[in-house]
Structures are given as C-alpha cells and as structure tokens.
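The numbers here are math on the coordinates, done by the rules we state, and not lab data. Quick caveat: nothing in here was measured; it's all calculated off a predicted structure. All Cβ positions, even for glycine, are placed from backbone atoms using ideal geometry, and neighbour counts span all protein chains on display.
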Amino acid sequence: MEQTTNKDTVEQTAIVSPSKKKGTAILLSCGMFALGLAFGIGGTLLVQKKPWVGKEDGNALPKRSFDVDKCVTLGEYDGIKVSLAASQEDIQSEIDTLIEDNTTYVKKKGTVTETDMVYAKFDGYIDNKIAEDTCGEDYVDIASDDFVEGFATAFVGAKTGKEFSFKVTIPEGTYGDDTIDGKEVTFKATVKYICGDSIVPEWDDTFVQSISDFKTTKEYEAQIKEEIEAENQDSKEDFAWTDVLEGSKVNEYPEELMEEAKKEVLQGYYDMADMYGMSHDEIFQAWGRENEADFVRQDLNELAKDTVKEILVTEAIAKAEGINYSDEEYKEMLDEEYEYNTDTYDSKKEYEKENKAYLQRMVLMTKVQEWIAEHAEFEE
C-alpha cells in the first residue's frame, strides 16, 4: 500500500497544548531551575581575592542559619577541563531523530477509533471567518495530549476522505493572540488516512541521499558532529556549570532551603498557569501528572533538591572566590525576568517584592557561572 509523506515535510499546526507549543520556550519565574532558566547577564566580574564581604544594598550572600560549607562538598571548579566534543551517543541521538522524522505509515481507510493515529487536514473558523493560524495538515494521535482539549478526540468516528466539522474553545495563552485565545473555533476537517504499520527507513547511503545532498552516512555524520559541537560551543557555560554540579556533593539539604525551594518550584508552575489561563491542576496535567497533589507526591521533592544543590554550590563558590554582582546587573536581571511575568504581576515593584530572594540568587549564580567559564579549559 502507499506510504505517507515523511514527517519532515508535514505542515505543523499550532493547535497543540500550551505546554507543548510554548511552555518550553518561555522563561519561567520563581525557582524553575529544573525547567531551564536564562543565564548570561553581561558585565565584568567583581572578583575579590580576599574574604567575601557583600554590601548592605542586597548584593551580599543571605544570612543562613546553617554553614553552607558544611552542607556541600565542592568538586573541582577552578580551571576545570570541559569537553565540548560530540559523543557517539549525541550523534546517534540525532540519527534516531532523523529516522523518526522520516518514518512513514501504511495508509488505511475506514472509520477512526480512539486508538488510531491519523493524518488530517483542518481549517479553523472564528465567527465564520477563516483563522489562518488554526489551519494545517498534521498527524493526530487520538490518545495523545499534544493538542488542546477536545481537538484530537473530535476525530473519533470520522470516515477517511469525508469532511466533518467540530468546535473547540482555544485556551488562553495558546497562541498569544487575542483574536484566537479564548475563542470558540469551528474546524472543518478531513482525515486523509488512518496510519497503519510504520515503515522505518534504514540508516544507509540510499536514505542519506534521499534526505540530503550528502552521498554517504559518513559524510552526514561528520556534518552532524560539526553542528553539535558548534551548539556545544554556544552553550559552553552551561556545560561547565553542569560539570561543576555533577562533581559536587550535597551533605545536607537544609530544611529552610528545601521549603523555600518547594514554594518557588510550585510558584513557577502557578505563574505559568496564570500565563496560559489554566487552573493549577491543568498546568500539572499538561506536564504529565494527574493534578497538583500527584505532582507534589512524585516530583516536587527531587526538583527542590536540584534547586537547593544549585543554591549551595553557588553560594559556596561565591564565598570562596569573592564573587559579587553589581546593582546594575541585579536591575538587568529584574528587568529580564519581569518581562516574562507582566501578565501575572501588576507592576515590576510587586514582582520584585515577591521574588527578590530568587532574583538575587539568580544573578549571583550567573556571576559564578561566568567566573567558572572564564577559568575553564574548553576542549573540542
């Protein structure tokens, strides 16, 4: 039977859930270390080769009821060697992605069931006018949560080749467009085929020639290696920081830091929920949990530990090396973080009041990361 087009050429749609479409690209507030935060504020390091003494305007290390140096044992961090070379695992991961993206399916006709994946064309209308951003052709896995609620399940019962219509309300924040978010969209859709058995290509010269201008797998893998190492070079500070974290050991997780970290991790999700017009349970469901209680039970403690480890390592290195930050650098961090939270807080002043400790830690961590990178030896 005829195969589908390969996945690389599929026109992508924006009818995905907020977490799938935008969540990973948005800088979150309040301790979302595990989800990836922005680093790299500019400025010159203020390094003092004497015992660390902070100023009274907020640039000092916070007063703690515990000894940071006893809570964490630092590994090597000054002059560490950091490899930016692409490993064979890295290259294989890219190859696996290429194969997955070019996997095709046997085309089947019939009636869609709740366990099917289909390839469909759909056009969305708001107030009887076509909304271009809601139109497209895509694979729709009926059982997945990749799309906004009610979209994928609307295909159950549809017959291949026959147009049908259904309505879905788009959650706030899905598109970042007031003309679509919160609106009821009427979709006119056609299932082109139901996906049957997958047809997975072999990683060989013939396949490489079909998807690129390269003649052999060896040539393509060399290109993959070059691209990975270029990306690693752009992220070398993160690589160095990861190595430092992995080489350090937490001896004790202070209770006050754990409670603080748990509140901040949760607040990060709450802020994201507000950003997308979702309830707290809905935002945790978008990240694969049943509700907030399920997230707290399964994930919160480990995420808080990751956050606490970064805090302890940051403060221990800052103390040992006399690393500080300027008022201007703090202001830059405040401005940058507030930009992503304008919909959640009424003013920058309110945001700073609620998140000052977090902002201070983030700017200090940025300075520590910069110091480590400046002293590191990067190997390609």
Expected unfolding gain across Asp281-Glu379 under the 0.36 nm per residue rule, minus the alpha-carbon gap, is 30.8 nm
The simple spin-label model distance between Val106 and Asp238, using points 7 Å out along Cα→Cβ, in nm, is 4.1
Using alpha-carbon positions, the gyration tensor of the stretch 221-343 gives root eigenvalues a ≥ b ≥ c; with a/c under 1.5 called rounded, otherwise prolate if a/b exceeds b/c, else oblate, the class is rounded
Label model pair Ile199, Asp141: point-to-point distance (7 angstrom along the Cα→beta-carbon line) in nm is 2.1
Pseudo-spin-label distance Ala357 to Asp177, built 7 Å along Cα→Cβ, given in nm, is 4.2
Percent relative contact order for the stretch 124-244, counting Cα pairs under 8 Å at least six residues apart, stands at 18
Projected onto the charge dipole of the stretch 245-375 (unit charges on the beta-carbon of Lys, Arg, Asp and Glu, signs +1, +1, -1, -1), the Cα from His375, Tyr338, Gln298 with the largest positive-side position is that of His375
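Full-extension gain between Glu339 and Ile95, please, as 0.36 nm times their residue separation minus the C-alpha to C-alpha distance. Intermediate values should be presented prior to the final figure.
Details: separation 244, 0.36 × 244 = 87.84 nm, distance 3.72 nm.
Extra length available between Glu339 and Ile95 comes to 84.1 nm.
I need the peptides 314-327, 144-157 ranked by packing, meaning the mean over residues of other C-beta atoms within 10 angstrom, with the highest value on top.
Top to bottom by mean Cβ count within 10 Å: 314-327, 144-157.
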Ranking Gln209, Gln223, Gly196 by how far each Cα lies towards the positive end of the charge dipole of the stretch 170-227 (+1 on Lys and Arg Cβ, -1 on Asp and Glu Cβ), the top one is Gly196
Among the stretch 241-266, those whose backbone N falls under 13 Å of a label point 7 Å along Cα→Cβ from Ser65 are 254-260
Burial-style ranking of 234-243, 176-185, average other-beta-carbon count within 10 Å with highest first, yields 234-243, 176-185
XL table Lys81/Lys319; Lys109/Lys215; Lys63/Lys353; Lys249/Lys367; Lys81/Lys249; Lys262/Lys353; Cα-Cα > 25 Å flagged, in table order, is Lys109/Lys215
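What is the packing order of peptides 161-172, 355-366, taking the mean over residues of other C-beta atoms within 10 Å and listing the highest first?
355-366, 161-172
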